[in-house]
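For reference, the structure discussed in these notes is given below.
The values are calculated or read from the model by the stated rules, or taken from the named source; none is laboratory data. Please read these numbers as outputs of a predicted model, since none were measured by experiment. Ideal geometry is used to build each Cβ from the backbone, glycine not excepted, and the neighbour counts take in all protein chains shown. Surface areas here come from the heavy atoms of the whole protein model, side chains and all, with no ligands, DNA or RNA. Shrake-Rupley method; radii C 1.70, N 1.55, O 1.52, S 1.80 Å.
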Amino acid sequence: MAAGCAATPDVPSSQGQVLSSLRSAYTNTQAQHTVTASVTETVESGVDTEAEGKGTAVLDFARGLGQTKLTVNGQMSVVAFRDQDKIFEAKSQAALAGKAESLLQVAHRNPDMLPQIQAPGLDPFQLTTLLKAVQWNDDVLNTEPVVVADSSGQHTEYQVTVSTAKLAVHVPAPDRAWLTALSRQTGGSSITLDATVSHGQLMTLAAHFPVPRPKLTRRAAKITAALPKPAPVTVLVTDRFTHSAHLPSLSIPAG
């Protein structure tokens, strides 16, 4: 370098800026210990909407507890409670008692039957677990900021494409199980998260998850072989976070 020339500082890449913003937002959100979110789940077959669930989620990061409550198509209710490596699922809060399932045992029997595979979004931590990928550069396949417009005006949305197999290596065993199973599904080797951030906090997370179709018997497969292939089924899961000082306290259902 010629004498008298000042060194030019490195300019962070667009990808580096996105990852830095999301790491900070994730850390700040997790530091609150507990956050709530409104949840929307849309089951899509091709371009058609098959069902829609709306409800709420509570995420207690400090204790590893979370709960999702949904009403599907305005009629059927479902409640899921995550207690670290266990998950409860029932039609009502009162019915959760005695419904605990070990995620590790389900994964050992048949990983494709894990709730995160069969019913994406019921696990209240499913989207935030994917966002953990921003902590390891190798887990992220692509990132980019996108300007989007909605009823609230224009804002920047961060898109992060996550390698589910690579992320599985870095997370605890219960999440490793469903991420590994997802990585083997058609359309599941990479998942793109859409995230928005405001004042250093996570505001929204959304992602499409593939849903495996039931496996056909050999005879049924022969019968349907000549028919047009059905459109793939996906579930769009969207969490809109609320950062409030007044938060509900979660109680673990009786196992």
Discussion item. I need a count of the residues in the range 158-208 that are under 23 Å from VAL146 (Cβ atoms) and either among the hydroxyl-bearing types (Ser, Thr, Tyr) or in a strand (DSSP E or B) (or both).
Written reply: 25
Item to complete: Would you tally the residues in the range 26-59 being surrounded by 16 or more Cβ atoms within 10 Å (Cβ to Cβ) and either more than 18 Å from GLN75 (Cα to Cα) or in contact (Cβ under 8 Å) with a residue 24 or more places away in the chain (or both)?
Response: 18
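Is it the case that LYS222 is of a type in the set (Lys, Arg), surrounded by 10 or more Cβ atoms within 10 Å (Cβ to Cβ) and at pLDDT below 80?
yes
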Worksheet item: Before we move on, is VAL18 part of a helix (DSSP H, G or I), within 23 Å of LEU193 (Cβ to Cβ) and not acidic (Asp, Glu)?
Response: yes
Worksheet entry | Pair list, Cβ < 6 Å and 6+ apart or interchain, from the range 169-190 residues that are within 22 Å of THR143 (Cα to Cα) to residues that are assigned to a loop (DSSP other than H, G, I, E, B) and hydrophobic (A, V, I, L, M, F, W, C) | HIS170/TRP136
Worksheet, complete the sentence: Over the range 164-188, the set of residues surrounded by fewer than 16 Cβ atoms within 10 Å (Cβ to Cβ) and among the hydroxyl-bearing types (Ser, Thr, Tyr) is THR186
Worksheet item: So which residues in the range 112-152 are open to solvent by 40 Å² or more (accessible area, probe 1.4 Å) and part of a helix (DSSP H, G or I), if there are any at all?
Response: ASP112, MET113, GLN118, LYS132, GLN135, ASN137, ASP138
Discussion item. Would you confirm, using the coordinates I've provided, whether MET203 is without any contact (Cβ under 8 Å) to a residue 40 or more places away in the chain and in contact with a Phe, Trp or Tyr (Cβ under 7 Å, 6 or more places away or on another chain)?
Written reply: yes
Worksheet item: Does the range 162-171 contain at least one residue that is farther than 26 Å from ALA31 by Cβ, of a type outside the set (Lys, Arg), at pLDDT below 95 and touching a strand residue (DSSP E or B) at 6+ places or on another chain (Cβ under 8 Å)?
Response: no
